[in-house]
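One structure is given below, encoded as C-alpha cells.
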Amino acid sequence: MPFRFEEEVREAFAAGGPLARSLAGFEPRPGQLRLAAAWAAALARGEILVAEAGTGSGKTLAYLIPSVLSGRKTIVSTGTKTLQQQILENDIPLVREALQAPFSCVVVKGRGNYLCLRRWKRFVAEPLFEYPREAGFFETMCRFAETTPTGDISECPGVPDDFHAWSEVNARSETCDASSCQETERCFLAEIRRRAQSADLVVVNHHLYFADLAIRWKREGFPDRGGRGGGDRGGDVLPAADAVIFDEAHGIEETASTFFGVSVSHARAQELFRDLLRAAARDEKAWHPVPSAAEEFRRAADALYRSVGSGEGRFFLPRPGTDRTFDRLAADLQRTGEELSRAVSATPAALSPGGEAAGEAESLLRRVDSFTEDFASIHGADPATAVVWGERRGKAVAFQKTPVEISTLLADGLWSGGFPALLTSATLSVSGTLSYFRERVGLAEVDAGELIVDNEFDFAGNALVYVPAGLPDPGDDAFAASAAGEIAEILGLSGGGGLILCTSYRTLGAIVEVLRQALPHPLLVQGEAPRSHLLRAFREDADAVLIGTGTFWEGIDVPGEALRCVVIDKLPFAPPTDPVVTSRIRAIRDRGGDPFADYQVPEAVLALRQGIGRLLRRGDDFGVIALLDRRVFTRGYGGIFRENLPPMPWIRERSGVAEFFRRFRKARKEDGKERAE
C-alpha cells in the first residue's frame, strides 16, 4: 500500500484538493468523504465494507479514487450497463484529470456481446434469418464486422436491442472451440481478456461476475474472492484481482442465485436442433445418422415444454413421481438427448482427425451433453436445497433450478480470506440497520465494516408522498380500474412527466387500457419497444408517461422535469405464489422464523425504496410520489414502510398534489425571469 495512502484519499476530497481543482463547482460533501475514507481503510487492511450511500452522495468517485490511489487491481461490478457506461465515460476521465495518475480501465461484457469471427464467416456464406424483417440489417452487420475494433454489438449502430440474428454470430461459450478455431489471433474475446489482464480497473456487471465465478466453481471448486485459483480456462473471462467493488449491490443475491442454478429453455433445444441440421446439410455423409436422432430430440422437447404452465409467468415444475405425464415426457427428452449424444459421437465428422468438421462436431456434442446434464440436474434436484420451476413469456418457456438460499455459497466462495471488498448501494438498510442485507448475502457471520450515508437531497422541501384516501384495497376487484382513474387525475395535475411502476403485468394492462383513452400525453408502455428506446423517448419528451414493471423499478436515471411524478400501484410484496419466494418462505418457517417479518416485509421495503429513488436524481429535482396502496396507513406493517422513506410530507387529498405543482411551477417561472434579467 502506498505511503500516506489514506491521507492522500482524504486530501483528494478536501476543499482545494485535486477534485476541487479539476471539477467546476465541486464542494466537499461529508458523506462522500466518509465513504471514501472507509473504503480506503478497508483496502489498506484487507477488509470487507458494507456501505449504503444515497443517490447524490457521490459514491462512484468515493470508491474509484481510493481504488486508483491504492495501486490494487480492482474489479468494479455494477447492476446495470447504464452505470457501466457512466463509470467509463464520465467518472474515469474525471478521476484521471483530478489525480493526474496513469492507470488503465477496461469495460468487459459477457461473451454473448462480442462477435465471433469464425461464426461470422459461416453466417456470411449462408445468411439465414429466423425473422425475415431482420434481413434488412445484413449490410449493417457486414460493415460492422469489417470495421469494428472491439466486436462489441453495442457499437453496431441501428441494430435493435432484440436482434435475434446476433445469437448466430456471437461468441458465447457453448459455440466456442479455441482448439480448432482459425481466428484465435484476431479473436475479439481473446483481445478483451488480454486487456482485462493488464488493466488496473476492470468494470463488469453482476451477471458477468457471477457467471464467471459459477463457471470456475463448477469446474474447480471455489476460487478465492478475486478469482484466484480459477485460472484462465475457456469460459472464464475475468482476471484475478486484488479487490472487488459491488455497486448496486442490492441485486447480487438474485443474480448469484441465477448463476449458481441451472436453466434449460425450449429455445436452447430448438437452436441446438437447428444447428445440428445445418451441419448435416453441409455434408450428409459426415453427419449420418444425426438428422433422425435430432428430430426425435426436437419432438420430445416440443412435447415436454408445451405440456407445462398456463398463461404468463412462473410456475412450479412437478416433482418426480407426482405427475405421470410430465415424468414420461421428461424421460423421453432425457433418453433422446442421450441417443443424440451417441449419434453425434459416432459420426464420421466426429471421428475424423482434426479439421473444422471435427471441431464443429466436438462443439455440438458438448452442447448436447450440456443440455442433457442440465436437464437431469433440474429434474433430479433435491427439494431441500433447490427449487425447480418454469417460466412462460409468450412462446418462450424455460425450466430453472435455483438454490433456495445463496448465503452459504457466497459465504464460502466470496467472503473468506483477507481480500478487500465493498458492497454499496442506495438501498441496503431496513429500519436503519444492514443486518437483513448481510444475512441474505452470506455476511451475517463475517467480520465486515458498516456505513450508512444519508441521502443528501431535500425530499422534505422538494417532494411529497400522496396516498389517495378513497381507493379500495389492492385486493379488491375494483382496485385496478379505480387506480387507473386516479392515475389519470394525478398526471393531469403534473402535466405528464410520470413514471408508473406496477407490481404485476395484469395491473399494468388494466391501467394502460384506461390511460390510452384518458391521457393527452404520449404513453410509453413496457414491451411495446425495447427498453432503451422507451427511456430515450421518455427523456426527450418532458410530458411523456412511461409505465412498466419488474426491471423498470431500478436503473432508470432521468434527472430534470422529464420525471416529476412517480406512481406506484401497490406496496411491492413479491407474489407468494412465485416458486422461489414460496420456497424461501418455507425454508424460513422450517427453521422457526417468521417469513413475513423476516423476509417479505424487508424485501418489499427495499423494492419500494428503489422505486421512490427514481424521483430525485439531482439537487434541483422535484416531484410527487403517488402510492396508491392505503395499507401503508391501515395495516400494522405500514409504519415500517413509512419510517424507511426519506423525511417528507405525506398527504391523503389530491388537492395537495395540485398545490404542490402550482408552487413549483411558480417558483420555476420566477427563477426563469431572474435569469433572463
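The values are calculated or read from the model by the stated rules, or taken from the named source; none is laboratory data. Bear in mind the structure is a predicted one, so any value in this text is a computation, not a measurement. Positions of Cβ are generated from backbone atoms using ideal geometry, with glycine treated the same way; all protein chains shown enter the neighbour counts. Protein only, heavy atoms only, side chains kept; ligands, DNA and RNA dropped before computing areas. Shrake-Rupley method; radii C 1.70, N 1.55, O 1.52, S 1.80 Å.
Considering the stretch 282-320, and only residues there that are among the charged types (D, E, K, R), farther than 12 Å from VAL397 by Cβ and part of a loop (DSSP other than H, G, I, E, B), the residue that is least open to solvent (accessible area, probe 1.4 Å) turns out to be ASP283. In the stretch 351-382, of all residues being modelled with pLDDT under 90 and either open to solvent by 40 Å² or more (accessible area, probe 1.4 Å) or not in a helix (DSSP H, G or I) (or both), the one that is nearest to PRO318 (Cα to Cα) corresponds to GLU362.
Restricted to the stretch 10-29, and to residues there that are outside any loop (DSSP other than H, G, I, E, B) and open to solvent by less than 10 Å² (accessible area, probe 1.4 Å), the residue that is nearest to TRP415 (Cα to Cα) is ALA12.
Taking the residues in the stretch 591-623 that are over 22 Å from the mean Cα position of the chain (by Cα) and among the acidic types (Asp, Glu) as candidates, determine which candidate is nearest to GLY638 (Cα to Cα). Residue satisfying both the conditions and the ranking: ASP598. What are the residue pairs meeting all of these: first residue in the stretch 420-438, first residue free of Cβ contacts under 8 Å to residues at least 40 places away in the same chain, second residue of a type outside the set (S, T, N, Q), Cβ atoms under 7 Å, and 6 or more apart or on different chains? Filtered contacts from the stretch 420-438: no entries. Within the stretch 128-164, being of a type in the set (D, E, K, R), closer than 30 Å to ALA281 by Cα and open to solvent by 50 Å² or more (accessible area, probe 1.4 Å) holds for GLU130, ARG133, GLU139, ARG143, GLU146, ASP162.
Quick check: is even one residue across the stretch 179-189 open to solvent by less than 30 Å² (accessible area, probe 1.4 Å), farther than 21 Å from ILE87 by Cβ and either modelled with pLDDT of 90 or more or acidic (Asp, Glu) (or both)? Among the residues of the stretch 179-189, at least one is open to solvent by less than 30 Å² (accessible area, probe 1.4 Å), farther than 21 Å from ILE87 by Cβ and either modelled with pLDDT of 90 or more or acidic (Asp, Glu) (or both), which makes the answer yes. Listed by position, the helices (runs of 4 or more DSSP H) inside the stretch 579-635 whose residues that are aliphatic (A, V, I, L, M) and surrounded by 21 or more Cβ atoms within 10 Å (Cβ to Cβ) number at least 3 are 601-612. Taking the stretch 441-539 as the region of interest, the helices (runs of 4 or more DSSP H) fully inside it that hold 3 or more residues being buried (at least 20 other Cβ atoms within 10 Å of the Cβ) and of a type in the set (A, V, I, L, M, F, W, C) are 479-494, 505-518. Within the stretch 410-433, the set of residues being open to solvent by 10 Å² or more (accessible area, probe 1.4 Å), outside any loop (DSSP other than H, G, I, E, B) and not β-branched (Val, Ile, Thr) comprises ALA411, ASP412. Scanning the stretch 637-666 for residues that are open to solvent by 80 Å² or more (accessible area, probe 1.4 Å) and under 25 Å from ALA597 (Cα atoms) turns up ARG642, GLU643, PRO647. Looking only at the stretch 396-409, residues that are more than 12 Å from SER263 (Cα to Cα), open to solvent by 30 Å² or more (accessible area, probe 1.4 Å) and touching a residue at least 60 places away in the same chain (Cβ under 8 Å) come to 3 in all. Condition test on THR322, is it more than 34 Å from the chain's Cα centre (by Cα) and touching a residue at least 40 places away in the same chain (Cβ under 8 Å)? Here the answer is no, as THR322 does not meet what is asked.
For every residue, the table says whether it meets (1) open to solvent by 20 Å² or more (accessible area, probe 1.4 Å); (2) under 26 Å from GLN610 (Cβ atoms); (3) in contact (Cβ under 8 Å) with a residue 24 or more places away in the chain.
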residue: GLY31; (1), (2), (3): no, yes, yes
residue: ALA40; (1), (2), (3): no, no, yes
residue: THR55; (1), (2), (3): yes, yes, yes
residue: LYS59; (1), (2), (3): yes, yes, yes
residue: LEU69; (1), (2), (3): yes, no, yes
residue: THR74; (1), (2), (3): no, yes, yes
residue: ILE87; (1), (2), (3): no, yes, yes
residue: SER104; (1), (2), (3): yes, no, yes
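Of all the residues in the stretch 546-560, those that are crowded, with 18+ Cβ neighbours inside 10 Å and not in a loop (DSSP other than H, G, I, E, B) number 6.
When you scan the stretch 41-158 for helices (runs of 4 or more DSSP H) that lie fully inside it, which ones turn up with 3 or more residues that are over 15 Å from LEU201 (Cβ atoms)? So the answer is 117-125, 138-147. Within the stretch 205-224, restricting attention to residues that are at pLDDT 85 or above and within 16 Å of ALA171 (Cβ to Cβ), which residue is most open to solvent (accessible area, probe 1.4 Å)? This residue is HIS207.
Across the stretch 169-178, the qualifying residues are those that are small (Gly, Ala, Ser) and not in a helix (DSSP H, G or I), and the one among them that is modelled with the highest pLDDT is ALA171.
Selection of the stretch 321-337 for residues being surrounded by fewer than 17 Cβ atoms within 10 Å (Cβ to Cβ), of a type in the set (D, E, K, R) and not in a loop (DSSP other than H, G, I, E, B) yields ARG324, ASP327, ARG328, ARG335.
Of the residues that make up the stretch 191-198, is at least one farther than 30 Å from ALA12 by Cβ, touching a residue at least 40 places away in the same chain (Cβ under 8 Å) and in a loop (DSSP other than H, G, I, E, B)? Looking through the stretch 191-198, none of the residues is farther than 30 Å from ALA12 by Cβ, touching a residue at least 40 places away in the same chain (Cβ under 8 Å) and in a loop (DSSP other than H, G, I, E, B).
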